[in-house]
Every structure is written in C-alpha cells, then in structure tokens.
1. Working carefully through the options V60, V70, find the one that is of a type in the set (V, I, T) and touching a Cys at 6+ places or on another chain (Cβ under 9 Å).
2. If you scan the stretch 157-183, which residues turn out to be of a type in the set (S, T, N, Q) and in a helix (DSSP H, G or I)?
3. Out of (1) part of a helix (DSSP H, G or I); (2) of a type in the set (A, V, I, L, M, F, W, C); (3) touching a residue at least 12 places away in the same chain (Cβ under 8 Å), what's the single condition that is false for W146?
4. R159 versus (1) in the same structural domain as A18 (by TED's automatic domain parsing); (2) touching a residue at least 40 places away in the same chain (Cβ under 8 Å): which is the lone unmet condition?
5. Name the residue that is surrounded by the most Cβ atoms within 10 Å (Cβ to Cβ), counting only residues in the stretch 25-57 that are under 17 Å from R155 (Cα atoms) and among the small types (G, A, S).
6. Yes or no: A142 surrounded by fewer than 16 Cβ atoms within 10 Å (Cβ to Cβ) and either in contact with a Pro (Cβ under 7 Å, 6 or more places away or on another chain) or over 23 Å from M19 (Cα atoms) (or both)?
7. So which of L88, L84 ends up being crowded, with 17+ Cβ neighbours inside 10 Å, assigned to a helix (DSSP H, G or I), hydrophobic (A, V, I, L, M, F, W, C) and in contact with a helix residue (DSSP H, G or I) (Cβ under 7 Å, 6 or more places away or on another chain)?
8. For the stretch 11-55, which positions are touching a residue at least 24 places away in the same chain (Cβ under 8 Å), in a helix (DSSP H, G or I) and within 15 Å of L160 (Cβ to Cβ)?
Amino acid sequence: MRIIQQALYLEVAERLRAMIDEHALMPGAWIDEAAVAESMGISRTPMREALKVLAAEGLVRLEPRRGCFVNALSEQDLDEIFPLMALLEGRCAYEAARNATAEDLDALESLHADLTRYAQAGNIDAYYETNYQIHEAIQRLAGNRWLSGLISDLRKVLRLSRHKSLKLPGRIRESCAEHLSVFSALKAHDPEGAETLMKTHLLRQRGALRALDAAEVDEVEVVDDSGGDPIPEAQPGRLRLAGKSSVDR
C-alpha cells in the first residue's frame, strides 16, 4: 500500500493551532497571512487553505476585505459552551468509570500525582497541560467516538481562553481537588458519581472565568481616575463558524 504524505496545508494548520494555543497569535488579533507564510517558508496557497480549516473549527474568522482574525470568545459563547462541555465530559467520566482497568487507573494515578505537584507549586502552565492530558485520557477510556468527536471540536475552541481561569486566586488548588474527586469516583467504578463530579468541575471552571472577568473590570474602574465614566472594555463579537453566521453582541 502506498503511503500518502499529509497535505502541506494540514501541517500549516497544526502549526497555526499551536501559535494560537501559545498566544503567539492573540485572541482578536489580525493574522498577517503574507508575513506568517514567509516565516514558515511557504506560499500563500497552503496558508489560505489552512486558515479555512481553522475557520471551520472556530479558531479564526475570515472577513471579506478585512482578512483573517483569531477568534475571541464572548461571555455568551462561554455561557453556551461550558454547559455543553459539562454534559459531554460528564458522560465521558460515566463511561470511563465503567471501562477503566487497573492498568488504566495506574496511568491516571501518575498523571494526578503530577497534577497535585504542579498545583502545590502554583505552576499554571504545567498544571494546565497535565489537566488537559487527564481530560483526554478519560475521553479515551470512555471509548465513545461520537462523544470524542464532539468534545475534541469544542475543546479546540475553549483553548482560545487557555488557562485563564487558573489565574483566579485559589482556583488551581480547587481545580486539583475537583480532579482528585473525579479520580476517586473512577477508582470506585462509580459512574454516576464520576459524571456528577465532572459536570461540577466544568461548571466551576466557567464560574472562575466569570469571577476573574468581574475582578478585571473592577481593576479597570479603579485605575481610571480621570473623573469620567469607567473605561469600557472591548466586546468581542460572537464566535462564528465557517458557513454559519451569528449576530454580534
């Protein structure tokens, strides 16, 4: 059987995802297609095809006569996505609790040990990546390809907010405690408990983001001592997926 090399534009799309994930391309930023293509040593054609892929995933938006922009999640986007993620990942935890073998649990034990260590050290970057690995491991244990596809698509979009919620004081330790509770339910092969705890974990993430945003608004108002009204923050448009439209907030 002949091996077909992956199309160049897919490799470019993967590199662009990494740049967005690492905030080398910030939410809301205009993407200079020519400059990025030159930095990668490629032509504009695979760059444009890659951007179409990312637009379909909801990571960027293509605007006629304006170009391409990294998406920025609005409050309404987050309010709509997190409850869905809670339902989907809750179901993953339910099925993982029924399927997990002793070997699977040993692998998760090691990841949770790392997670605890990073939480205690306040290492947000390392914690975030380990947290991500745990969610993906539970997703694999569920063994449900339909769930996996839906969650993977939404998770790509949520990475636009990266680990912002972990910057809320005390959140990293709370998050770790929530994960350990889910893990205890998995070890006990308690599907209902694992599902409930995972849903709670996701919804508390949303609550942490809301609290952090409120704190940032308060800080802006305090810093503005001009005597006028508080400086309004820029409001991002609603997330747009390729082939669909939504009304800006």
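The values are calculated or read from the model by the stated rules, or taken from the named source; none is laboratory data. Remember, it's a predicted structure, so these values are computed and weren't measured experimentally. Every residue, glycine as well, gets a Cβ built from its backbone with ideal geometry; the counts of neighbours run over all protein chains shown.
1. Of V60, V70, the one residue that is of a type in the set (V, I, T) and touching a Cys at 6+ places or on another chain (Cβ under 9 Å) is V60.
2. Matches in the stretch 157-183: S165, S175, S181.
3. Among (1) part of a helix (DSSP H, G or I); (2) of a type in the set (A, V, I, L, M, F, W, C); (3) touching a residue at least 12 places away in the same chain (Cβ under 8 Å), W146 violates only (3).
4. It is condition (1) that R159 fails.
5. That would be A55.
6. no
7. Exactly one of L88, L84 is crowded, with 17+ Cβ neighbours inside 10 Å, assigned to a helix (DSSP H, G or I), hydrophobic (A, V, I, L, M, F, W, C) and in contact with a helix residue (DSSP H, G or I) (Cβ under 7 Å, 6 or more places away or on another chain), namely L88.
8. L16, R17, I20, D21, L54, A55
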